[in-house]
């Protein structure tokens, strides 16, 4: 597992560009978060719960090794249109997020996984939970996303 931990630290040293999900074991069946941190410095958090789904859009910037700055752009129900923020909307302030990786059990499941969390916290930015990697993103993923919007 140490090699895997080192691979994460090297791969995500300047930015955690990937698709992540909350590392909360079987609780994720009831409520789940899927984080997409894109190479174009945008991202989304999809919140899935029995009471309904919502989406948070954010932007991010590199700030150093294992350090990014983030700010929320908007939060809306998943079925609302993905319109750009209006001119009257003031941007949220930038927040510094210093992150690290470690190996932890996955909730109540008997498995050890590499998890990302903020330094000094169990969770990551808006999440109460650490995040685990779903899949890495490539520049092609970003190009495909742009061609769909055009």
Worksheet item: On the given criteria, is residue 101 closer than 14 Å to residue 131 by Cβ, in contact with a helix residue (DSSP H, G or I) (Cβ under 7 Å, 6 or more places away or on another chain), surrounded by 16 or more Cβ atoms within 10 Å (Cβ to Cβ) and at pLDDT 95 or above?
Response: yes
Discussion item. Condition first: in contact with a strand residue (DSSP E or B) (Cβ under 7 Å, 6 or more places away or on another chain) and either assigned to a loop (DSSP other than H, G, I, E, B) or surrounded by fewer than 16 Cβ atoms within 10 Å (Cβ to Cβ) (or both). Now tell me which residues in region 112-131 satisfy that.
Written reply: 112, 119, 123, 124, 125, 126, 127, 129, 130
Item to complete: Considering each residue of region 132-150, count those that are in a loop (DSSP other than H, G, I, E, B) and either at pLDDT 85 or above or over 18 Å from the mean Cα position of the chain (by Cα) (or both), and give that number.
Response: 2
Worksheet entry | Qualifying residue in region 78-86 (condition: at pLDDT 75 or above and in contact with a strand residue (DSSP E or B) (Cβ under 6 Å, 6 or more places away or on another chain)) | no
Item to complete: Exactly one condition in (1) modelled with pLDDT under 80; (2) touching a strand residue (DSSP E or B) at 6+ places or on another chain (Cβ under 9 Å) is not met by residue 96; state its number.
Response: (1)
Worksheet item: How about region 43-60: which of its residues are over 13 Å from the mean Cα position of the chain (by Cα) and assigned to a strand (DSSP E or B)?
Response: 48, 49, 52, 53, 54
Discussion item. So if I check each of 18, 23, which one is crowded, with 18+ Cβ neighbours inside 10 Å and at pLDDT below 95?
Written reply: 23
Discussion item. Go through (1) within 14 Å of residue 130 (Cβ to Cβ); (2) touching a strand residue (DSSP E or B) at 6+ places or on another chain (Cβ under 6 Å); (3) modelled with pLDDT of 90 or more for residue 37 and report which single condition fails.
Written reply: (1)
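The values are calculated or read from the model by the stated rules, or taken from the named source; none is laboratory data. Since this is a predicted model, take the numbers as computed values, not measurements. As a convention, Cβ positions derive from the backbone with ideal geometry for all residues, glycine included, and neighbour counts pool all protein chains shown.
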